[in-house]
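Read the figures in this text as sums done on the coordinates, not as results from a lab. All values reported here derive from a predicted model rather than from experimental measurement. No Cβ is skipped: glycine too gets one built from the backbone with ideal geometry, and neighbour counts run over all protein chains shown.
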Amino acid sequence: MRALEILGATAFTAALYWICRQAQRRIGLSALHPLLISVVAGGTLFWFLPPAWLDAYDRGSRPMLWMLGPATAALALPFYRQRAFLAEHPRAAVLAALSGCASTVAVVWGLGTLIGLPPPLMRAASLKSVTLPVALGLAQVTHTEPGITTVCVFTSGLVGIAIGPVLLGRARVRSPVARGLAFGTLSHAIGTARALEEGPLPGAAGVVALTLSALILGIGAIVLSLLFG
């Protein structure tokens, strides 16, 4: 039964993504990224199916969830290939990560306090700019609900790849390094994957930003947990 659930969940996920990718190509709208469409379509479909189907998919998709760790580590490959060029832009990379992390935390806690969001939700949203394996680890340190953290991380990534290219285009940001740093800083691994679609250099810049953002937010979360328990 376990093997059938894994096979079924994997086949369903791959087929749904392929269908959404074909639909996006036909529509030709960059904001409708296949990953975004597949999440919305899958969530809508499971809404109408019996709960037992969702439970079976949850059990069967756990190996794919585990693969997030190795997949994130594999993003180091484009960084290694472009290490010589990126070593010439350390200031831009560090400033991009610092400004992205600072703005994320400031906006989350500022707006959250203004509209009265509960602190657990704001803590989870503060981790939205790091990739999921790192965010789940930091959720344990900050005593944040893993489920809420997962939703915040995926929402950040999906929204970033949906509207990020449009916003960067309107802002006339054409530099491959700048675009990659923007994707990696604000949309973590999902954004880095989107940057890779534009070329190896934006992808490598995204990896640098992704790594630095995870490091900065990770150190910040650990320090705050030590100070305030």
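Modelled spin labels at residue 115 and residue 80, positioned 7 Å past Cα toward Cβ, are 4.3 nm from each other.
Helices that extend 20 Å or more along their long axis by alpha-carbon positions and average at least 1.6 on the Kyte-Doolittle scale are, among the DSSP H runs of the chain, 34-48, 200-228. The distance from the alpha carbon centre of region 102-126 to that of region 6-53 is 30 Å, rounded to a whole number.
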